[in-house]
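Okay, structure first, notes after.
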Amino acid sequence: AIERTLSIIKPDAVAKNVIGKIYTRFEEAGLKIVAAQMKQLTREEAEGFYAAHKERGFFKDLVDFMVSGPVMIQALEGENAVLKNRELMGATDPKKADKGTIRADFADSIDANAVHGSDAVEAAAVEIAYFFGK
Ligand code: CMP
(Lines give C-alpha, C1' and ligand atoms only; values in the text may rest on other atoms or scores of the structure.)
Protein backbone atom coordinates (compact mmCIF):
# COMPACT_ATOMS: atom_id res chain seq x y z
CA ALA A 1 0.00 0.00 0.00
CA ILE A 2 1.04 3.62 -0.46
CA GLU A 3 2.15 4.84 2.98
CA ARG A 4 3.70 7.92 4.54
CA THR A 5 6.50 7.89 7.10
CA LEU A 6 8.29 10.56 9.11
CA SER A 7 12.03 10.90 8.62
CA ILE A 8 14.48 13.10 10.52
CA ILE A 9 18.02 13.75 9.39
CA LYS A 10 19.68 14.26 12.78
CA PRO A 11 22.20 16.97 13.79
CA ASP A 12 25.23 14.75 13.09
CA ALA A 13 24.26 14.13 9.45
CA VAL A 14 23.21 17.77 8.88
CA ALA A 15 26.63 18.84 10.23
CA LYS A 16 28.36 16.36 7.91
CA ASN A 17 26.63 18.04 4.93
CA VAL A 18 25.01 14.83 3.67
CA ILE A 19 21.33 15.90 3.47
CA GLY A 20 21.49 15.63 -0.32
CA LYS A 21 23.13 12.20 -0.29
CA ILE A 22 20.45 10.91 2.08
CA TYR A 23 17.65 12.49 -0.01
CA THR A 24 19.06 10.73 -3.09
CA ARG A 25 18.73 7.39 -1.30
CA PHE A 26 15.07 8.11 -0.55
CA GLU A 27 14.41 9.18 -4.12
CA GLU A 28 16.24 6.26 -5.71
CA ALA A 29 14.20 3.87 -3.54
CA GLY A 30 10.99 5.41 -4.88
CA LEU A 31 10.17 7.46 -1.77
CA LYS A 32 8.86 10.92 -2.54
CA ILE A 33 9.52 13.89 -0.22
CA VAL A 34 6.03 15.35 0.26
CA ALA A 35 6.84 17.79 3.09
CA ALA A 36 10.12 19.08 4.54
CA GLN A 37 11.32 21.54 7.13
CA MET A 38 14.75 22.40 8.53
CA LYS A 39 14.50 23.24 12.18
CA GLN A 40 16.41 23.73 15.42
CA LEU A 41 14.28 21.70 17.86
CA THR A 42 13.56 23.11 21.28
CA ARG A 43 14.04 20.82 24.26
CA GLU A 44 10.23 20.70 24.66
CA GLU A 45 9.76 19.64 21.03
CA ALA A 46 12.41 16.91 21.25
CA GLU A 47 11.02 15.61 24.56
CA GLY A 48 7.50 15.57 23.15
CA PHE A 49 8.57 13.81 19.98
CA TYR A 50 10.37 11.08 21.92
CA ALA A 51 7.81 10.91 24.78
CA ALA A 52 7.54 7.10 24.33
CA HIS A 53 11.19 6.82 25.46
CA LYS A 54 10.81 9.09 28.52
CA GLU A 55 11.55 6.34 31.05
CA ARG A 56 14.59 4.98 29.18
CA GLY A 57 18.08 5.57 30.52
CA PHE A 58 19.17 7.09 27.22
CA PHE A 59 16.37 9.72 27.13
CA LYS A 60 18.39 12.71 28.38
CA ASP A 61 21.34 11.99 26.08
CA LEU A 62 18.92 11.53 23.19
CA VAL A 63 17.21 14.89 23.82
CA ASP A 64 20.57 16.65 24.38
CA PHE A 65 21.76 15.31 21.05
CA MET A 66 18.59 16.17 19.12
CA VAL A 67 18.79 19.84 20.20
CA SER A 68 22.55 20.13 19.54
CA GLY A 69 22.04 21.52 16.03
CA PRO A 70 19.49 21.83 13.22
CA VAL A 71 17.65 18.78 11.94
CA MET A 72 15.95 18.18 8.58
CA ILE A 73 12.46 16.75 8.96
CA GLN A 74 10.54 15.17 6.07
CA ALA A 75 7.45 13.14 5.30
CA LEU A 76 8.19 10.41 2.76
CA GLU A 77 5.49 8.80 0.65
CA GLY A 78 5.57 5.63 -1.40
CA GLU A 79 4.78 1.95 -1.62
CA ASN A 80 5.52 0.31 1.75
CA ALA A 81 7.22 3.55 2.86
CA VAL A 82 7.59 2.73 6.58
CA LEU A 83 9.48 -0.53 6.07
CA LYS A 84 11.32 0.73 3.00
CA ASN A 85 12.70 3.68 4.98
CA ARG A 86 13.73 1.39 7.84
CA GLU A 87 15.58 -0.83 5.38
CA LEU A 88 17.36 2.20 3.91
CA MET A 89 18.34 3.39 7.43
CA GLY A 90 19.70 0.08 8.76
CA ALA A 91 19.88 -0.95 12.42
CA THR A 92 19.60 1.70 15.17
CA ASP A 93 23.17 0.95 16.28
CA PRO A 94 25.39 1.80 13.30
CA LYS A 95 27.84 -0.94 14.34
CA LYS A 96 25.05 -3.44 13.60
CA ALA A 97 23.73 -1.74 10.46
CA ASP A 98 24.04 -3.64 7.17
CA LYS A 99 26.60 -2.47 4.65
CA GLY A 100 25.21 0.17 2.29
CA THR A 101 22.59 1.49 4.69
CA ILE A 102 22.40 5.16 5.70
CA ARG A 103 23.52 4.44 9.26
CA ALA A 104 26.40 2.19 8.18
CA ASP A 105 27.63 4.88 5.81
CA PHE A 106 26.98 8.11 7.76
CA ALA A 107 26.44 7.36 11.48
CA ASP A 108 28.96 7.28 14.32
CA SER A 109 27.13 5.98 17.40
CA ILE A 110 23.71 4.87 18.65
CA ASP A 111 22.86 8.49 19.56
CA ALA A 112 24.53 10.16 16.59
CA ASN A 113 22.89 7.68 14.22
CA ALA A 114 22.16 10.06 11.32
CA VAL A 115 18.44 9.43 10.87
CA HIS A 116 15.16 8.66 12.56
CA GLY A 117 12.29 6.85 10.87
CA SER A 118 8.82 5.93 12.10
CA ASP A 119 8.58 2.28 13.16
CA ALA A 120 4.93 1.67 12.14
CA VAL A 121 2.16 3.23 10.05
CA GLU A 122 0.22 4.38 13.16
CA ALA A 123 3.33 5.95 14.68
CA ALA A 124 4.07 7.62 11.34
CA ALA A 125 0.69 9.38 11.33
CA VAL A 126 1.28 10.71 14.86
CA GLU A 127 4.85 11.79 14.06
CA ILE A 128 3.90 13.51 10.77
CA ALA A 129 1.08 15.39 12.53
CA TYR A 130 3.53 16.41 15.30
CA PHE A 131 5.65 18.42 12.86
CA PHE A 132 3.37 19.14 9.90
CA GLY A 133 -0.16 19.12 11.31
CA LYS A 134 -2.87 17.46 9.28
P1 CMP B 1 15.57 6.85 16.85
O2 CMP B 1 15.10 5.98 15.74
O3 CMP B 1 15.61 8.30 16.60
O4 CMP B 1 14.66 6.56 18.14
C5 CMP B 1 15.15 6.74 19.46
C6 CMP B 1 16.63 7.00 19.51
O7 CMP B 1 17.23 6.79 20.76
C8 CMP B 1 17.33 6.05 18.58
O9 CMP B 1 17.06 6.39 17.24
C10 CMP B 1 18.79 6.21 19.05
O11 CMP B 1 19.44 7.28 18.41
C12 CMP B 1 18.63 6.57 20.54
N13 CMP B 1 19.12 5.52 21.43
C14 CMP B 1 20.14 5.65 22.30
N15 CMP B 1 20.33 4.52 22.97
C16 CMP B 1 19.40 3.63 22.54
C17 CMP B 1 19.08 2.27 22.85
N18 CMP B 1 19.76 1.58 23.78
N19 CMP B 1 18.06 1.68 22.18
C20 CMP B 1 17.33 2.37 21.26
N21 CMP B 1 17.59 3.66 20.92
C22 CMP B 1 18.62 4.28 21.54
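Pairs of alpha carbons in the range 54-113 separated by more than 13 Å make up 68% of all such pairs. Using a probe radius of 1.4 angstrom, the carbon and sulfur fraction of the accessible surface of the chain is 52%. Between residue 29 and residue 98, the simple label model (points 7 Å from Cα in the Cβ direction) yields a spacing of 1.0 nm. What the Cβ-Cβ distance of residue 80 and residue 16 gives, at R0 = 30 Å and to the nearest 0.05, is a FRET efficiency of 0.60. Across all Cα pairs in the range 2-64, the calculated P(r) in 10 Å bins from zero up to the longest distance comes to 17, 42, 34, 7 percent per bin. Measuring only protein heavy atoms, the 1.4 Å probe finds residue 105 accessible over about 80 Å². Heavy-atom accessible area, probed at 1.4 angstrom with all protein chains present, ranks 128, 102 as 128, 102, highest first. Counting every pair of alpha carbons in the chain, the share spaced more than 23 Å apart comes to 26 percent. With 27 Å as the limit on Cα-Cα distance, the pairs of 10/134; 99/134; 60/134; 39/60 that go past it are 99/134; 60/134.
Note on residue 3: accessible area is roughly 40 Å² with a 1.4 Å probe, heavy atoms of protein only. Probing with 1.4 Å while keeping every protein chain in the model, the per residue accessible area of the range 38-89 equals 52 Å².
The values are calculated or read from the model by the stated rules, or taken from the named source; none is laboratory data. Quick caveat: nothing in here was measured; it's all calculated off a predicted structure. Cβ atoms come from the backbone with ideal geometry, glycine included; neighbour counts cover every protein chain shown. To get the accessible areas, we keep the full protein, side chains included, count just its heavy atoms, and leave off ligands, DNA and RNA. Shrake-Rupley method; radii C 1.70, N 1.55, O 1.52, S 1.80 Å.
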